[in-house]
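Peer 1: One structure, pasted below without further comment.
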Amino acid sequence: MDQREEAARIYWQAFGGKLSRVMGPDARALAFLNRGLRPDHCFAAMDWQGRLVGLAGYKSVQGSFSGGTRSDLRRAYGRFGSAWRAGLLRLLSNEVDNERFLIDGIAVSPAARGKGIGTALINALCDEALRRGYREARLEVIDGNPRARALYERQGFVATHTDRLGLLRYAFGFDAATTMIRVLGQPDI
């Protein structure tokens, strides 16, 4: 398995629960992700044997780590399947925030969780944000992922507001997403 396929697998393990109703079945989701993940918008964590164990994406005016294109969607799901999926996925996407560096997902393989990889990836993202001149980083965390939220809070992210999905919760399988912001350039917590 090459690194791109492994990245798609790790991403799907982390976000499949949230996205499976819209992006499933697994084989099609993995095919889409394998084409759509952008290595120029992420950081990767490797173990000492050179295996990919985590990745962290971000958004910029040039695109996003997990965005993919309409063409990628059509190849994976066909014309009809891509049309309704694109509509629903667009509802989840955040605008590019010119004030804050947007984090587009952090995923760590199950075997590597709890070993500081998520923290290292967050630090890499925040360093990149500072390098690009941002004073704050922003991410979204779903209500069904308290472990991720606890990690973000330990890393200095503060919840600013929560958006409820309303009827879209039936499509995505979660009720709400909380926006969290970290002020950058301050000592690590």
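Readers should treat all values here as calculations from the given coordinates under stated rules, not as data from a laboratory. All values reported here derive from a predicted model rather than from experimental measurement. Glycine also receives a Cβ, built like all others from the backbone with ideal geometry; neighbour counts cover every protein chain displayed.
Peer 1: What is the antiparallel percent of DSSP beta bridges lying wholly in region 40-185, to the nearest 5?
Peer 2: The answer is about 95 percent antiparallel.
Peer 1: Here's something else I'd like to know. For region 106-189, what ratio Rg/Rh do Cα atoms give with a Kirkwood hydrodynamic radius?
Peer 2: Across region 106-189, the Cα-based Rg/Rh ratio is 1.01.
Peer 1: Let me ask you something else. Provide the per-residue ³J(HN,Hα) series for region 35-42, in order, calculated from phi with Karplus coefficients 6.51, -1.76, 1.60 and θ = phi - 60°, each as a whole number of Hz, with x at glycine and proline positions.
Peer 2: 7, x, 5, 9, x, 7, 10, 7
Peer 1: For region 1-103, which GluC sites (Glu not before Pro) pass both filters: DSSP loop (anything but H, G, I, E, B) and at most 16 other C-beta atoms within 10 Å?
Peer 2: Passing sites in region 1-103 are 95, 99.
Peer 1: With a/c under 1.5 counting as rounded, go ahead and sort region 28-139 into rounded, prolate or oblate using the C-alpha gyration tensor (a ≥ b ≥ c being the square roots of the eigenvalues; past the cut-off, prolate if a/b is larger than b/c, else oblate).
Peer 2: oblate
Peer 1: So if we plug the beta-carbon distance of residue 132 and residue 21 into 1/(1 + (r/R0)^6) with R0 = 22 Å, what FRET efficiency do we get, rounded to 0.05?
Peer 2: Once the sixth-power term is evaluated, E becomes 0.05.
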